[in-house]
Structure formats: structure tokens, C-alpha cells
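The next block holds one structure in the form of C-alpha cells; read it before the comments.
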Amino acid sequence: MLIGIDWGGTKMEVIALSPHGETRARHRIDTPRAGYDACVTAVRDLVARVEGETGDRGTVGLGIPGSPSPRTGLIRNANTTFLNGKPLGADLQTALDRPVRITNDGNCFAVSEAVDGAGQGTHVVFGIIIGTGHGGGLVIEGRVHAGFQGFAGEIGHYPLPWMRADEYPGHACWCGKTGCQEMYASGTGLELDYRLTTGREKRGRDILTDKRAGDAVADGVYRRFADRLARSLALLVNVVDPDVFVLGGGMSNVDELYSDLPPLIETYIFGDGFETPIRKAVHGDSSGVRGAAWLWKDSATSA
């Protein structure tokens, strides 16, 4: 049995999968607000809950809004800031009495879609989460490729590619730098562009409703968003050239993107055409927790 946990800022979710991907148990709780120790206890209790329910012991994978340093094992770059600097892997191994595999939530999303989702049957999958923030994950032959330092796929924090004069030097990002892709190709970026254009606040879904109703300002905001996302995908083609892009997060439900992005990307890539499929995630909000479980896919297939 493979157990996955998605540790989010507001909720924790656990799933127990069979080696063939069938769901055997699944639960969701609010993420404890009492801090690090309370959250470690909550993970332990969630694992105990699904193991008690199924009567089986499982491997445990964990997706978090950050990543462990391969050098120190300490968590870094987490926007759930109390995780940063903590030896989460060691603490969970003690609490659960077994090894635990941990990676960031973008990698979990990508591995879920690579194993039995929109990227199934392909060799190289690049998963892109376009929600409140912007992140990604790279999966090769069904396994996360985190890179030498564990930073592979951190596309939210490279600069907006091919930045134009009116975009330079870029918006300030929460990470401390300016011009990060996360401040453009995300729901937050869409809303920020609208606010800077009109001086008014509006939710992303309402901007898109206005666009579809023919509002020229909302349409312009959407078209800038699509162009900025296309620049990022074009850069990834030039560097990685994956077999498929899989989109997740709230903005992946904007159906216009799947027809609007390809011709935009083609104008930016260093090549003679763009044919890479761009697909919507099959598992939607479940991709993160399923991908955490699939971090132990090698043990399932060899069992």
C-alpha cells in the first residue's frame, strides 16, 4: 500500500493507494495552526488512521509547499514559513518508524499526472501549477527529477522571459526578487494586472467572465496573461523539450488557454514549429496527494 500526504497551508489530505492506483482510504483535515510539532503529530495520526482503516502498513510520501535540501535535509523555500530550517524528514521518520520521501507539491502534481494521468505513457512530463502561485515539476520515466540541488522545476522564480520595456524590472515577489514568473502567470498575476490597469480590485473568475462577455479591458488582461505563460512554456521547450505539458491549478480550467497557447509559444521557441501537447490535469485537486503516494512507485512495481 502507498500512502500519500498533501501538506497545504490550509488543509492536509491523506490517501492510501493500492499498487495499481485504486483508492483504499482518503481523508482531509484542516492544517493545524499550532505550529510545526502539531503538524508532525497530525501527519502521524493521518497515517495511523488509513492504516487502521485498511489493516495494512504502507510506504509514506509527502508533498509540501517547499523542498528538503539534499545537503542538510532541512526544509527551505516553504511559504508555510515555520517549516523552513526544520529536519522534517528525520522527524517524520521517527514519528512513523519508517523512511519518508518528501518533495515539493509541484513535483507531486507532475508525478501523479505522469503515472496515471494526462501524461501517462510519455517519457518526459512537465507539470505546471497555475493557481494562486506558479510552480512546476519535471518527471522523467515516471520519477521526479529534482536535480542536483533539488531545485529543478522551480519555474515560478525565474524572471518573466523576454521581458518587455513596460514590464521591466518587474513586480516585487514575496521571495525578495523582482520579475518572477509567479507574479505574472498565476491567478494572483491576473488580478494584479487588472488592478494596475484599472485601479480596481476584481477576482480572477470575474475578470474571465467579463472577458467572455466582450469587455475589452478584461480581454487585454487575459491576453497578456496568456502571452506571459506562453513565454515560460517556450523557454521550457528550449531547455527541456518535454513530451507533454500538463496544467493544474485554478487557471488550468480556463479552456481558452489550450487553443490560445500553441500559436503564441510558436512565436518564441527556437525552432520550426510547436507541436507539444498541452493537456489539463486528469486528477485535478487530487494530483498532489496521489503524487505523494506515487513517490514510492518503484516499491509498488517491484512488490
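Per residue, the solvent-accessible area of the chain (1.4 Å probe, heavy atoms of protein chains only, all protein chains present) comes to 45 Å². The magnitude of the dipole of the chain, with charges of +1 and -1 set on the Cβ of Lys/Arg and Asp/Glu and taken from the Cα centre, is near 680 debye.
Considering only G119, I75, G55, and ranking their Cα positions along the charge dipole of the chain that arises from unit charges at the beta-carbon of Lys, Arg, Asp and Glu, the one farthest toward the positive end is I75.
Net charge near A95: determine it from the other residues with C-beta under 12 Å of the C-beta of A95, scoring Lys and Arg +1 and Asp and Glu -1.
Details: positive: R44, R98; negative: D37, D45, D91, D97.
Computed value for this residue: -2.
Once you list every other residue whose beta carbon is under 13 Å from the beta carbon of S299, what net charge do they have if Lys and Arg are +1 and Asp and Glu are -1? Walk me through the intermediate numbers first.
Numbers: positive: R57, R98, R101, R143, K297; negative: D298.
Summing Lys/Arg as +1 and Asp/Glu as -1 gives +4.
Highest average first, the peptides 185-192, 255-262 ordered by how many other beta carbon atoms sit within 10 Å of their residues are 185-192, 255-262.
When the accessible area of the chain is split by element with a 1.4 Å probe, what percent falls to carbon and sulfur?
Values: 6870 of 13780 Å².
In the chain, the share of accessible area belonging to carbon and sulfur is 50 percent.
Comparing Cα centroids, the range 62-81 and the range 92-134 end up 14 angstrom apart. Need one word for the range 49-156: rounded, prolate or oblate. Basis is the Cα gyration tensor (sqrt eigenvalues a ≥ b ≥ c); a/c below 1.5 gives rounded, then a/b vs b/c decides. Verdict is oblate for the range 49-156.
Once you keep just the Cα pairs under 8 angstrom separated by 6 or more residues, what percentage relative contact order results for the range 182-222? Walk me through the intermediate numbers first.
Values: 34 pairs, mean separation 12.6, N = 41.
That works out to 31 percent.
Placing a label point 7 Å from the Cα of N84 along the Cα-to-Cβ direction, the residues of the range 98-135 with a backbone N closer than 20 Å are 103-107, 132-135. When only Cα pairs below 8 angstrom with a gap of at least 6 residues are kept, the chain shows a relative contact order of 21 percent. Backbone N atoms of the range 222-240 closer than 14 Å to the 7 Å Cα→Cβ label point of E167 belong to residues 222-236.
Taking every C-alpha pair closer than 8 Å and separated by at least 6 residues, the mean separation divided by the residue count of the range 121-281 gives a relative contact order of 25 percent.
The values are calculated or read from the model by the stated rules, or taken from the named source; none is laboratory data. Please read all numbers here as calculations on a predicted model, not as lab measurements. No Cβ is skipped: glycine too gets one built from the backbone with ideal geometry, and neighbour counts run over all protein chains shown. We work out accessible area using only protein heavy atoms, side chains counted, and drop any ligands, DNA or RNA first. Shrake-Rupley method; radii C 1.70, N 1.55, O 1.52, S 1.80 Å.
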